[in-house]
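Here the structure is laid out as structure tokens; the discussion comes afterwards.
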Amino acid sequence: MTLEEKLAQLVGFWVDQGDEVVAPMAGEMATSTRYEDATAHGIGHLTRVYGTRPVEPLERARWLWAEQRRLQSQTRLGIPALVHEECLTGLAAWKAATFPTPLAWGAAFDPELVERLGRAIGRSMRELGIHQGLAPVLDVIRDPRWGRVDECISEDPYVVGTIGTAYVRGLQGEGVHATLKHFVGYSASQAGRNHAPVSLGRRELEDEFLPPFEMAVRSGAVRSVMNSYTEVDGVPVAASTEYLTGILRDRWGFDGVVVSDYFSVAFLQTMHAIARDRGEAAQLALEAGIDVELPSGDAYLEPLAERVRDGRTPESLVDRAVLRVLTQKEDLGLLDARFDEAPEAVDLDDAAHRAIARELAERSIVLVSNDGTLPLGGDGRGSAPARIALIGPNADSAEALMGCYSFANHVLAHHPGLPIGFAIPTVREAIAARYPDAAIAGVQGCAVDGTDRAGIPAAVEAAREADVALVVVGDRAGLFGRGTVGEGNDVESLELPGVQRELVEAVVATGTPVVMIVLSGRPYAIGWALDGEPGAVPAAVVQSFFPGEEGANALAAILAGDRDPSGHLPVSLPRSAGAQPYSYRHPILGGPNEVTSADSTPVRPFGHGLSYTEFVRSGLRVDPIVPTDGTIEVTVRVRNAGSRAGADLVQLYARDVVASVTRPVAQLLGYCRVELQPGEEALVRFEAPAARLAFTDRRFERVVEPGRIELWVGGSCEHEETTGSFEFVGPVHPVGGEAPAVTRAAIVRRTGGSPD
């Protein structure tokens, strides 16, 4: 291969790049290179062929198949391009299904369902000739002020790892390579600001931020990783040999391809100022371990070629990256692929897609509070409301159901007037369909953002005339200031945007029962709606993290009682912005104490979620002695003590009482969804390798130490309903070199119960 042919394999070309802002500083980085010139020696990636503009999928597929044939026949080496696309909430293409956002995946606590989701998305991508998906996001949430929280799964690294790895298995099971984002530390940015510096201690990085990535690499066999934009302790990750080679490849054995987040190689010059020019930036990135520059060749083409030609950059660095890229293309079957006929028909939103979207949305909805107003009836258990006031800026908005990386909010926002391209009923439409005989008064009340209060009196009047008022508030996802949450939409306050709180409080003051429904991409500080005086707070609060195309139907089913709510908070509901960053996995000093007047305690803890039935957990049993290299075996009984069927999330927590370094006051050891009929009881067994409680000691070695461990099961990390303890015995046991430990959970016996 000539140098030009090698470098061509290390870059992408953004075919449709224009004025739309769908990546950070994209306008400033736009290239004027003609496509024909850019592909004269071949090309490594085609960037977002379907996901940059609204193009008819089949028409674009015909173009893509023809273009792949051209690359095979009219370039010297005949190597097809690898096509990559965003796929965080579904394939980012016009008319493709839009699923719940990843924060909703976390709320569902259902890895098996997320694996099915990954397979459905992967199938659509494969049918359209897409080879690599830029998902999942494995950043551990630390600060809900950060705009990209809706792309994340949870504040718990084990939940992030198990659910993220399930998505990887699903996507790659359909022959599409997944890409882990954003390696590493991105979500720990100062003050929750996008692209801000990160100051992480080595131990916190090892124990909190690296484990999800390690699990997806070692257990999920992921084939691609994307670097983080951030700098950790002054070193940009895009130039960190320690992270991109030392940890990722040398320690974990990753043998896939590392791709740059968009423009991050050039950012080494323009935003981090550790490179004098693009050529030096290219060398730093290559040395660190970035194989492919995306979305285009700002640094890896001519700037890098010049340095290689004059001997400043060893060509061996280029050869190393090219070998990895060609190996990936061979693994995908691209080197021998035939592109004879483009697909003649494809359904990107078929019944299977919608069934998964509905199930995931239903399982992710969290009932945060309820005085008995919910369910609303009409489910055979009570009379349906005759008059419903449907209030709020998100009550009749399809966009409010979708996350930042949905095609509608990411791309179609630049093309007003174009239809979304698939069915996505709003909350108003879903409620009207569920209650066809009810008189529904729809009043917006206020916008998502802004200070206009003119609509609040009409909302109040509608509520006074109703049997129940559904007030739908929250976010509008978008990019870089276009919205209230999403990439680049970081905030200083965690109050509901605009005057939405005033709207809710005014409606509550009417005395009509109010159900506050929060459609959002981050948790907000809504303690005022949960812990106020009776009569001054909503009768019920429902949290739904951007639930996707079937989200409104799922909400209607939950509100009516057709389905029992079973979602749980994957992230703590914050007390205030001033209490951030926060993690339920904090050490003792990270919680409230007598020497500070500031209280970081969340208004509702990680794992919280109510039901329409009642679950009782009891009889936790564990062997009193466990070797430091052994297995922790725990059994617990959970009984549905209510009168209707439901699903409990059995949450097993642990606390290391005394250790050589400070440890969290609570750590999720395992979890299991258990569906139970009224009166039914299940015996649940957890088998957790001792390594699940390993940590980084003072010598920065990962170990299991002897000592006492307390256990509990309850309705959240703070609810110690049934408890036990055991003693780790034996020598300090080093952990490393194997796949991360996973707790196995299973129902071993069911007794009692009757059909609902």
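The table below gives the values:
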read-out: Residue list for region 610-630, filter: surrounded by 17 or more Cβ atoms within 10 Å (Cβ to Cβ) and either under 30 Å from the mean Cα position of the chain (by Cα) or aromatic (F, W, Y) (or both); value: L610, S611, Y612, T613, F615, R617
read-out: Qualifying strands (runs of 3 or more DSSP E) (wholly inside region 572-661; at least 1 residues being out of contact with any Ser or Thr (no Cβ under 6 Å at 6 or more places or on another chain) and hydroxyl-bearing (S, T, Y)); value: 631-640, 646-656
read-out: Of the criteria (1) at pLDDT below 95; (2) in contact with a Gly (Cβ under 7 Å, 6 or more places away or on another chain), which one H195 fails; value: (2)
read-out: Close pairs (6 angstrom Cβ cut-off, 6 or more residues apart or separate chains): free of Cβ contacts under 8 Å to residues at least 40 places away in the same chain in region 42-57, of a type in the set (A, V, I, L, M, F, W, C) and in a loop (DSSP other than H, G, I, E, B) anywhere; value: G42/L77; G42/I79; I43/A81; L46/A81
read-out: Flag if A447 is closer than 20 Å to S397 by Cα, in contact with a strand residue (DSSP E or B) (Cβ under 9 Å, 6 or more places away or on another chain) and either in a loop (DSSP other than H, G, I, E, B) or of a type in the set (A, V, I, L, M) (or both); value: no
read-out: Set A557, A579, A539: member being more than 18 Å from T601 (Cβ to Cβ) and surrounded by fewer than 22 Cβ atoms within 10 Å (Cβ to Cβ); value: A539
read-out: Residue in region 737-749 that is within 16 Å of D656 (Cα to Cα), touching a residue at least 40 places away in the same chain (Cβ under 8 Å) and of a type outside the set (D, E, K, R) present; value: no
read-out: Residue pairs meeting the criteria (Cβ under 6 Å; at least 6 apart or on separate chains; first under 19 Å from D475 (Cβ atoms) and touching a residue at least 12 places away in the same chain (Cβ under 8 Å), in region 429-456; second in a loop (DSSP other than H, G, I, E, B) and of a type in the set (D, E, K, R)); value: V448/R476
read-out: Test: residue in region 231-239 that is on the phi < 0 side of the Ramachandran plot, in a loop (DSSP other than H, G, I, E, B) and hydrophobic (A, V, I, L, M, F, W, C); value: no
read-out: Condition met for E306 (out of contact with any His (no Cβ under 8 Å at 6 or more places or on another chain) and in contact (Cβ under 8 Å) with a residue 12 or more places away in the chain); value: yes
read-out: Filter pass, R142 being part of a loop (DSSP other than H, G, I, E, B) and of a type outside the set (S, T, Y); value: yes
read-out: Region 321-334, residues that are surrounded by 15 or more Cβ atoms within 10 Å (Cβ to Cβ) and not β-branched (V, I, T); value: A321, R324, L326, Q328, K329, D331, L332, L334
read-out: Residue satisfying condition, being modelled with pLDDT of 95 or more and in a helix (DSSP H, G or I), within set R312, R307; value: R307
read-out: Residue count, region 254-295 (criterion: within 25 Å of V176 (Cα to Cα) and in a loop (DSSP other than H, G, I, E, B)); value: 12
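The values are calculated or read from the model by the stated rules, or taken from the named source; none is laboratory data. Here the structure is a predicted model, which is why all the values come from computation and not from measurement. As a convention, Cβ positions derive from the backbone with ideal geometry for all residues, glycine included, and neighbour counts pool all protein chains shown.
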